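Here the structure is laid out as structure tokens; the discussion comes afterwards.
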Amino acid sequence: MFEPSHIPATILILLFAGAIITCYLAHRNLVYGETLVIMITLAVFGLALFLIPPVVRGEPVESAYSFFSLPLAISLRVDSLSLYIGLLIAFLWVLAARYSPEYMLHGHARPRYYTFLLLAQFTNLGVVFAADLLGFLLFFELMAVTSYFLVAHEEDNYALFAGNKYLYMSIAGGLGLFFSLLIVYHLAGTTAFGEGPLLTAASPLATAAFIGFLVSFGIKAGMFPLHVWLPDAHPAAPAPVSALLSGIMIKIGAYGLFRAFFDIFGIELILEMELHHITLTLAVITILLGSAMALLQDDLKRRLAYSSIAQIGYILLGLSLLTERSLTGAVFHIFTHAMMKGCLFLCAGAIIIQTGKRKISEMKGIGLQMPSTMICFTLATLSMVGIPPFNGFISKLQLAMGALDAGEPAYVFLLIFSSMLNAAYYFPIVVTAFFAVPKEEAGLKMEAAPGMTVPIGILAALTFILAVGPYNLPLQLARTISQGFMGL
Amino acid sequence: METNNPIINWLPLVIVLLPFSAGLALYLAGTGRPKLTNTLVLVSTILPLAFAFSFYPRVKAGLFPSLTLDILPPVGLSFRVDYLGFYTLLLFAAAGLIVSIYSLRYLEPFESRRHRYFGFQLLVLSGCYGVAAAGDFFSFYLFFEFMSIMFFVLVAHYQTGSAIRAAYKFLIMTIIAGVTLFLAVAVIYWETGTLTFAETGLGLEQSTLVMVAFIGFAVAFGIKSALFPLHLWMPDAYSEAPLPAATISSMIMLKTGAYGLIRVFGNIYGIDYLAQFDWAYYLVLLGAFTIIFGSIVALAQEDLIRRLAYSGIAQVGYIILGIAMINQLAIIGAAYHILAHAFMKGTLFLCAGIMVKEAGSRQIANLKGIGQKLPVTMTCFTIATLTAVGMPPFNIFISKWHLGLGALELEAMILVMILLISSMLNAAYYFPIVTRAFLGTEQLNSHSEFSGLTGNSSGHQTAGFTSKQNKLPLFTEAPAMLLAPVIVLALGCLVFGLTPVNLPLELIERGIAIYF
């Protein structure tokens, strides 16, 4: 058995080489290409599992070597936070890859799609495995470019518009990160994560660096007022890509903020410079705005997109409250949201493929036509509203406890209010789908192919199954991570 | 330190004389002999590159090939290839070879005046090599002037009315540059009695004349490297000259201005001397303004070549800005940007040549969907645009990194902002070309220029891209002699940051460290 220290690099090389082979193979024979993509994503997930034992033991997996000779060499490092996000990425990509062949059955330019699907996973995993800010920036920028081709895949006017908006805002975000990177390097002489806070003193330059981080990660995460790309990009992209965008890529923004808070600035400096007040305010606005806008949407995927904005607000809220339990809630919510929003977007994709309906008002009786899909949809919405024993309940509970720990009970009311808004915009969909028309008038059964319903079902099951079971690995990891943040 | 190997010491002269004599021979005897042209051009560009490479072990060990010839009294002609000179010479020789290969295919085999074009292209290249290998400022001046004047013929190559006008514009500005440079060189010589490249400046006295000389240098090199407001010759010359000539100007000749400015700062005045005054401050302002100006004007261009030209103005602004910041990191960034920009803009220009031939139009609006006909070319174009935006791991990231750190060292956050804004503008004017080339178009099956050119309809079966779903060929590609230079340049945008040791950066760091 080889050393765990080689696994991160192996994963990245496998994905990059896999993308090139896929590009060649899928043009020749699409079925082989699709199978290859699924095999590669599975292999990546399998390899990532081997990283669990050392990291859970508390030993970050550090790459034995460094790469490139950009101004600095880049190396890889997997600590508990990287592992947590990395596992999510690996897992969700397997499902998206399995879901894609049926979803894309009549689509165009499929070889390109699969190539960029793997390249996007390569860049996402690169971001979380990077051991320093320079490597982070490298993959962060590449992520913007590779995911552009996924977002604009449909190539109609709407997709091109949404894609361009996404691309240019992402580029701006990358430049913001470059700006902060320069300042951090200028002040600290290094950009490595995991060596304690890099910045030690408050200064105008440090504030400027924080603004750079906030702009860059705020754009990626879809934080108010930088969320404007998100409600267009999510609906325009193919459903598996929407699931990945919402489930993973916007979390990369949150991941970056976690790194900025705890590896770059450090909790003392954040408190001293009162930077968390900025993110707290923005988080509250993001939650309320996302929920309110979601209520107004009739397009299903657009409603889901605005809901993602609100949910990112939760993560930012937990981060800004800066207590152990709020951080646990925020980190755990990354998992929660990835599962339930991934499930919802895949359901929406199945509905669009099977019925061609995108508008909620047209979805009367769809639950009778596509029962398995809509039951999974219902489970995910229950988790979204935060009903026990679903994951959504656990993360909201942690966030609420964290708010009380911080002595800010007002945020508990915010959480409750926002959950009610969640209910208000999700339950009508379910009600319309199942009860709007009598069974006789519902029309023919048109359930999606198993290739689509199985990933949906897995995600739906994961919205509660770990919460019910005896060992909740994501929650354990989230606790370890937040304790690490708080220096416990 | 100098090498004591006589053969090595004579090689810089050979490097300059080879393209010079080949160029003359071609112009005088090359009429209607395309085979001779090809051979001479290839030989006289491959050999200089090989010779330049052969300096590497010695230069790395700190032994610089140098040669002084007792001609042209009173100063004499001398060569000296130190770290910076070696770096520049290698870059120029590589660029010269790559563009020459491309231009051999780009200019149609039986085009009239082809021998004249290649003759003068070789003469220009010999001037460029001389600039990089020059051992004192007088030799530098000679080669610089020679190169500039010879380029006139390339601009006027097509002999249309507008080409002649552009060539005159170029000539007039070049002569102004020559006169001011002569004035500056004369003043320096009068003040110090020498023009050698001293390691930390010539130890000039403070006087008005010296300041006038500084302005002279700034104007001369500003014109050559198209610094605002001295850029006027450039967009016209680029759009009228044959494309390979514009590429040579962009990759090499603009850089001679920047290289000269580094020499003036480091070897003539000395960093400590300049740090006493705020002369360079005005160059910082001009550089910063040039960056923003060039980027914004580029955004407004509908003609691909002109957009590239204005973008070049902006990019050379980076170099001037970096040099004028007079700080070690910034000058390293500026010197590295010479290479970064050469590869980036070279790729873009050569790709543009292929695209324009294929589309039959230089209007950006007519380049929609060209990525399906020319996927390899457009992939290289995409790599170059990502480079232009300054993404890691591409070259310009490395120069921007140093420039940004240098600006922070000066506590000039505004300059970092300018770099960022310019990067954003780069994205704004390059990415639409790429996205429209690849996305949002129906499969275009119109006539392809290159399927006719190659005379090989089975060329459609290229690689694994022929889709099973529709039997129509998806794309044709340019002939290998056009494509290979493009691919090499595109790899050059990428490869230096990925190798374990960044050789050019190492050379620059050593060369610049001498000045401080």
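Before moving on, here are some points about what is shown:
- All Cα pairs of region A:1-54, percent lying beyond 17 Å: 40 percent
- By the count of neighbouring beta-carbon atoms within 10 Å, fewest first, B:66, B:423, B:162 end up ordered B:162, B:66, B:423.
- Value of D in µm² per second that Stokes-Einstein yields for region B:379-435, Kirkwood Rh from Cα pairs, at 37 °C (0.692 mPa s): 280 µm²/s
- For region B:322-426, the normalised intensity computed at q = 0.15, 0.20 Å⁻¹ comes to -0.67, -0.94 (log10 of I(q)/I(0), Debye sum over alpha carbons, equal scatterers, no solvent).
- Counting all C-alpha pairs of region A:314-415, share separated by more than 17 Å (%): 56 percent
- Given chain A, longest segment not containing exposed loop trypsin sites (Lys or Arg not before Pro) (DSSP; at most 14 other Cβ within 10 Å): A:58-444
- Over the C-alpha trace of region A:1-149, radius of gyration and Dmax come out as 15.4, 47 angstrom.
- Spread over its residues, the convex hull of the C-alpha atoms of region A:286-358 is 57 Å³ per residue.
- Charged neighbours of residue B:510, selected by a Cβ distance under 10 Å, balance to -2 (K, R count +1; D, E count -1).
- Grouping the Cα pair distances of region A:143-243 into 10 Å bins from zero gives a pair-distance distribution of 16, 38, 24, 17, 5, 0 percent in increasing distance order.
- A simple rule links phi to the HN-Hα coupling: the Karplus curve 6.51 cos²θ - 1.76 cosθ + 1.60 with θ = phi - 60°, which for region A:34-40 gives 4, 4, 4, 4, 5, 4, 5 Hz, with x for Gly and Pro.
- Efficiency of FRET between residue A:24 and residue B:421 - r from beta-carbon atoms, R0 45 angstrom, step 0.05: 0.70
- Dipole check for region A:336-488: with +1 at the C-beta of Lys and Arg, -1 at the C-beta of Asp and Glu, and the Cα centre as origin, the magnitude is about 220 Debye.
- Using the Cβ-Cβ distance between residue B:159 and residue B:277 with R0 = 60 Å, the FRET efficiency computed as 1/(1 + (r/R0)^6) comes to roughly 0.80.
- Segment residue A:52-residue A:14, length gained on full extension (0.36 nm per residue, minus Cα span): 11.8 nm
- Here r is the Cβ-Cβ distance between residue A:405 and residue A:296 and R0 is 45 Å; the resulting FRET efficiency, rounded to 0.05, is 0.85.
- Interatomic Cα distance distribution for region B:190-275, bins of 10 angstrom, percent: 17, 41, 25, 15, 3
- Least to most buried among A:186, B:337 (fewest other Cβ within 10 Å first): A:186, B:337
- Share of Cα-Cα pairs in the protein assembly as shown lying beyond 50 Å, as whole percent: 28 percent
- The Cβ shell under 13 Å around residue A:203 holds other residues with a net charge of -2, Lys and Arg each +1, Asp and Glu each -1.
- Cα-only Debye scattering, region A:29-100: base-10 log of I(q)/I(0) at q = 0.17, 0.25 Å⁻¹: -0.75, -1.02
- In region B:136-231, GluC sites (Glu not before Pro) in a DSSP loop with at most 15 other beta-carbon atoms within 10 Å: B:205
- Whole-angstrom gap from region A:299-328 to region B:360-385, using each part's C-alpha centre: 41 Å
- Evaluated over chain B, the Cα radius of gyration and Dmax, each in Å: 22.3, 77
- Intensity falloff of region B:116-215 expressed as log10 I(q)/I(0), Debye formula with alpha-carbon point scatterers, at q = 0.11 Å⁻¹: -0.42
- What the phi angles of region A:319-332 give under the Karplus curve with 6.51, -1.76 and 1.60, with θ = phi - 60°, is a coupling list of 5, 6, 6, 6, 10, 4, 6, 5, 5, 4, x, 5, 5, 5 Hz, glycine and proline written as x.
- With neighbour counts taken as other beta-carbon atoms within 10 Å, the residues A:405, A:79 rank, fewest first, as A:405, A:79.
- Amide H partners (placed H, <5 Å) of residue B:69, local residues excluded: B:77, B:78, B:79
- Convex hull (Cα only) mean projected area of region A:336-488, reported in nm² to one decimal: 10.3 nm²
- Whether chain A is rounded, prolate or oblate, judged on the alpha carbon gyration tensor where a/c under 1.5 counts as rounded: oblate
Each reported figure results from applying straightforward, stated rules to the coordinates on display, with no laboratory input. Please read all numbers here as calculations on a predicted model, not as lab measurements. Using ideal geometry, Cβ is built from the backbone for each residue, glycine included, and neighbour counts are taken over all protein chains shown.
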